[in-house]
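Asker: My questions will all concern the structure given below.
No value in this document is a laboratory result; all are computed from the given coordinates. Note that the structure is predicted; figures quoted are calculated from it, not measured. Because the Cβ atoms are built from the backbone with ideal geometry, glycine has one as well, and the counts that use them run over all protein chains shown.
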Amino acid sequence: MAFLDWLTGKIECPRCGTGGAKEINGQIHCPNPTCSNFSKTMGKSDETSAPDSITFRQQSDTAADSFGPPPEVPAGCVAIQYRNFRGEGKTFVAGIASARRIKNHLTVKVLPQGRRIALSRDRIMNLSEVEAALPQRLAPGQAPPTYRERQILAYHKNHRSTSPLYESIRAKYPNW
C-alpha cells in the first residue's frame, strides 16, 4: 500500500488481500479482476483484464452446451456452429460465396454486419455441413493444379491480367 492511501480511503481487500481497494457506501470495490469484490470502476481495470486461464475456468463451468435456437438462414447462406476458446457456443450466419479456406481456418463474411471473420476448422461443430455447402474448386476425381499452375492463376487473378497460358490453365480449372 502506498503512503497516502489512508488519505484517499484505499484499504486492503478483506476477501483477497489486494491493496488499493475502496469502501464506498458500505461496499468493498477491489481492483483485482479475480476477486469477487472486483469493480470495473477501480483504476486501471479497463486496461488489464483477468488472465485467459482464469476466465476460461470460470466460464467453462457456466457455459451452456446448446447453441440456442437455430437462426433463420437466408438463401445462399449457411449457419456455422462454433465453440470459441472460452468454451462458449456461438452460431454465425455466413454467406457461402464469401467463404475461403486458408490453411486450418475458414474465413467468411457474417450477417448482419458483413464483417469478415476467421474461424478455426477444429472448433466448428458442424464442419461436415459447412464443407458440403461450400463451392468446390475441383471436379470429383480431378487432380489439383501444380505449384506452377497455382502461381500463374494467382498472379493473373491479383493483377487482373491475362495471357494464353493463363487462359489454358483457367480452362482446366474454371472454379479456381
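Asker: Which order do peptides 14-22, 95-103 fall in by mean Cβ count within 10 Å, highest first? List each step's numbers first, then the result.
Answerer: Numbers: 14-22: 16.2, 95-103: 12.4.
Descending packing order for the listed peptides: 14-22, 95-103.
Asker: Considering only the other residues whose Cβ falls under 10 Å of the Cβ of residue 84, what net charge follows from Lys and Arg at +1 and Asp and Glu at -1?
Answerer: On the way: positive: 83, 86, 90, 123; negative: 88.
Neighbourhood net charge equals +3.
Asker: Further, regarding this structure: With the crude spin-label approximation of a point 7 Å out along Cα→Cβ, what separation in nm comes out for residue 146 versus residue 97?
Answerer: For the pair residue 146/residue 97, the computed spacing is 3.4 nm.
Asker: Continuing with the same structure: Kindly write out, for segment 95-103 in residue order, the coupling ³J(HN,Hα) from the Karplus curve 6.51 cos²θ - 1.76 cosθ + 1.60 (θ = phi - 60°), rounded to whole Hz, with x marking Gly and Pro.
Answerer: After applying 6.51 cos²θ - 1.76 cosθ + 1.60, I find x, 5, 5, 8, 6, 9, 9, 10, 6 Hz.
Asker: Put a dot 7 Å past each Cα toward the Cβ at residue 73 and residue 165; how far apart are the dots in nm?
Answerer: Output for this residue pair reads 4.2 nm.
Asker: Taking a threshold of 31 Å on the Cα-Cα distance, which of the pairs 109/172; 103/172; 90/172 fall above it? Write out the running numbers ahead of the final one.
Answerer: Working: 109/172 28 Å; 103/172 23 Å; 90/172 39 Å.
Check vs 31 Å cut-off fails for 90/172.
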